[in-house]
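Enquirer: Quick one: this structure, given as structure tokens, is what I'll be asking you about.
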Amino acid sequence: MTAELVSGAEVGRRLGVSREAVRLWRGQPGFPEPLARVGQALVWDWRKVESWAVRTGRGKGQRSETKQGTGRAR
């Protein structure tokens, strides 16, 4: 199965958070490593990011502490 590649901006759109929240999540243990850099953008395998989001309760209606670098869902 091929990976569905998504940028940080697309991760934010799909999870209902800002790009800044995604940038902060990148520094947290367990957030998937990017697969590659395409031009200026890092890209991830959407399935891995989605799995992480479900496991950790991030995005789409979930509220998190900004001070912990998780951002807030819109």
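Enquirer: Check whether at least one residue in the range 30-50 is touching a helix residue (DSSP H, G or I) at 6+ places or on another chain (Cβ under 7 Å) and in a helix (DSSP H, G or I), and report yes or no.
Expert: yes
Enquirer: Scan the range 18-29 residue by residue and report those that are part of a helix (DSSP H, G or I) and either touching a Leu at 6+ places or on another chain (Cβ under 8 Å) or not charged (D, E, K, R) (or both). Walk me through it before giving the result.
Expert: First, pick out the residues of the range 18-29 that are part of a helix (DSSP H, G or I): 19-25.
A21, V22, L24, W25, listed by residue number.
Any read-out appearing in this document is the output of simple, stated calculations on the displayed coordinates, not a laboratory observation. Since this is a predicted model, take the numbers as computed values, not measurements. Reconstructed Cβ throughout: ideal geometry from the backbone, glycine too, with neighbour counts over all protein chains shown.
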